[in-house]
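The values are calculated or read from the model by the stated rules, or taken from the named source; none is laboratory data. For clarity, every value in this text was computed on a predicted model and none was experimentally measured. Because the Cβ atoms are built from the backbone with ideal geometry, glycine has one as well, and the counts that use them run over all protein chains shown.
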Amino acid sequence: MKLLIKNGRVIDPASGTDKTLDILIDRKKIAAVGSKINDKTAKVVDAAGKVVAPGFIDMHVHLREPGYEHKETIATGTLAAAAGGFTSVACMPNTSPINDNPGVTHSILTEAKRSARVNVLPIAAITRESAGEELTEMVNQAKAGAVAFSDDGRPLTNNQLMRRAMEYSQMLETTIIDHCETPDLSAGGVMHEGDYSYQFGLKGIPSSSEEVMVARDIILAESTGVGIHLAHLSTRGSVELVRRAKAKKIPVTAEVTPHHLLLDDSLLEHYDTNLKMKPPLRDKKDVQSLRKAAKEGVIDVIATDHAPHTPDEKEVEFDQAPFGIIGLETCVSLILDRLVREGILPLSRFIEMISSAPARILNLTDKGKIQPGADADLTLLDLNREVIVDVFAFRSHSRNSPFHGWKLKGAPEMTIVGGKIVYHC
């Protein structure tokens, strides 16, 4: 069935478009974009007063399936994604078994075909069992459908292996995503190392634990000429390293999470385990640096690092709780209310960071744009819709969010995947 989106404010960073237009969808593709399109055979969606953006892409999500379905499943995670305005999610490989072979990639895609509300893009492990000792079958993984490679959560400290993985990724036209952490510097730490860690009596994770690995990755990218993507940056030192690298045209890209843009380490005074994540919340100067870098394009992407955990896992002493929070259902409203509405981040820049930029980095040539022939993945936003975050109403299987009760203005109105409406508030 055809779908005709009329009278919306179309913001397409890929083409520089920001104007009122109609969009005709046919056979899962965008058929036409223009003024006053009419098609009597199409179902009409009146988007007057709404923003129509390329479908949002979250390139850093933990769907937990296979192996940890008590935390999240492909079905519940993609239901949450659709409600959060995301049309595609790239899922990290730290499942059980770890996605280190084509069989696991195939099983993820098979289950996604059966139960997913949005596009699921598997990320495969760089090394077998993410143990950092032997590369996976990268060629076969790419053929099976992996869009990127990462040992997320288990930093690859073997420099020679990382270099070889980067070289393979270039040949395969895929992306290496690195969790930048130096384990011997962060070992045992549970929050940012600074005044507050000493005040609260918690072992700190120094900024250098991230920055040393960021520097390593940039050096490898420069020496090989091969691109690398740096996950969830959190420190101003990392920002400066990336800024200098980009000034030298070194092929490096980076992402930041909503929580690192909005929260800082002072909030841990109540030892809320929903504020425990890795990298940890940093200090206020780091937050300001991340915001500036996002606005200026030094940081390319906003990604949630959606990491579901059960209440039993989080309701323990702070030192014992697992790292991670969920974010698929809160990301868009948080950024719209606390950054876009406050004039800190332009709306078009936010849309670029969550659509065309991840599509470019993951080499998704038919996504992240509103142009004839592109995939009919669209996100409609209501900038005036008011929401109150209620973790007990989440579609996600887990509830580990620090944003419960926050009042926010601006939210997804409709999510369209392949020309099909998968969410409408």
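Tell me which of these Glu65 doesn't satisfy, since it passes every other one: (1) surrounded by fewer than 22 Cβ atoms within 10 Å (Cβ to Cβ); (2) within 23 Å of the chain's Cα centre (by Cα).
Every listed condition holds for Glu65 apart from (1).
In segment 260-277, which residue that is of a type outside the set (A, V, I, L, M) and closer than 20 Å to Glu240 by Cα is surrounded by the most Cβ atoms within 10 Å (Cβ to Cβ)?
It comes out as His260.
Based on what the data block shows, is Ile218 outside any helix (DSSP H, G or I) and aliphatic (A, V, I, L, M)?
It is false that Ile218 is outside any helix (DSSP H, G or I) and aliphatic (A, V, I, L, M).
This table checks each residue for (1) of a type in the set (D, E, K, R); (2) in contact with a strand residue (DSSP E or B) (Cβ under 8 Å, 6 or more places away or on another chain); (3) without any contact (Cβ under 8 Å) to a residue 60 or more places away in the chain; (4) part of a strand (DSSP E or B).
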position	(1), (2), (3), (4)
Leu161	no, yes, yes, no
Ala165	no, yes, yes, no
Gln170	no, no, yes, no
Ile177	no, yes, no, yes
Glu181	yes, no, no, no
Asp184	yes, no, yes, no
Gly188	no, no, yes, no
Ser197	no, yes, no, no
Leu202	no, yes, no, no
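Which residues, taken from segment 79-124, are more than 27 Å from Thr330 (Cβ to Cβ), touching a strand residue (DSSP E or B) at 6+ places or on another chain (Cβ under 7 Å) and small (Gly, Ala, Ser)?
Ala124
Condition first: on the phi > 0 side of the Ramachandran plot, in contact with a helix residue (DSSP H, G or I) (Cβ under 7 Å, 6 or more places away or on another chain) and modelled with pLDDT of 95 or more. Can you find one or more residues in segment 91-114 that meet it?
No - not one qualifying residue is present in segment 91-114.
Here's a check for you: in segment 88-123, which residue that is of a type in the set (Gly, Ala, Ser) and either within 16 Å of the chain's Cα centre (by Cα) or closer than 25 Å to Thr415 by Cβ (or both) is surrounded by the fewest Cβ atoms within 10 Å (Cβ to Cβ)?
Going through the qualifying residues, I end up with Ser115.
For residues that are among the hydrophobic types (A, V, I, L, M, F, W, C), part of a strand (DSSP E or B) and under 19 Å from the mean Cα position of the chain (by Cα), tally how many sit in segment 402-413.
Residues in segment 402-413 being among the hydrophobic types (A, V, I, L, M, F, W, C), part of a strand (DSSP E or B) and under 19 Å from the mean Cα position of the chain (by Cα): 1 in total.
Can you work out which of the residues in segment 374-425 that are among the hydroxyl-bearing types (Ser, Thr, Tyr) and touching a Leu at 6+ places or on another chain (Cβ under 8 Å) is surrounded by the fewest Cβ atoms within 10 Å (Cβ to Cβ)?
Filtering segment 374-425 for residues that are among the hydroxyl-bearing types (Ser, Thr, Tyr) and touching a Leu at 6+ places or on another chain (Cβ under 8 Å), the one surrounded by the fewest Cβ atoms within 10 Å (Cβ to Cβ) comes out as Ser396.
Table: residues versus (1) part of a strand (DSSP E or B); (2) in contact with a Ser or Thr (Cβ under 7 Å, 6 or more places away or on another chain); (3) of a type outside the set (A, V, I, L, M, F, W, C).
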position	(1), (2), (3)
Gly49	no, no, yes
Glu72	no, yes, yes
Ala75	no, yes, no
Ala81	no, no, no
Thr87	yes, yes, yes
Asn99	no, yes, yes
Lys113	no, no, yes
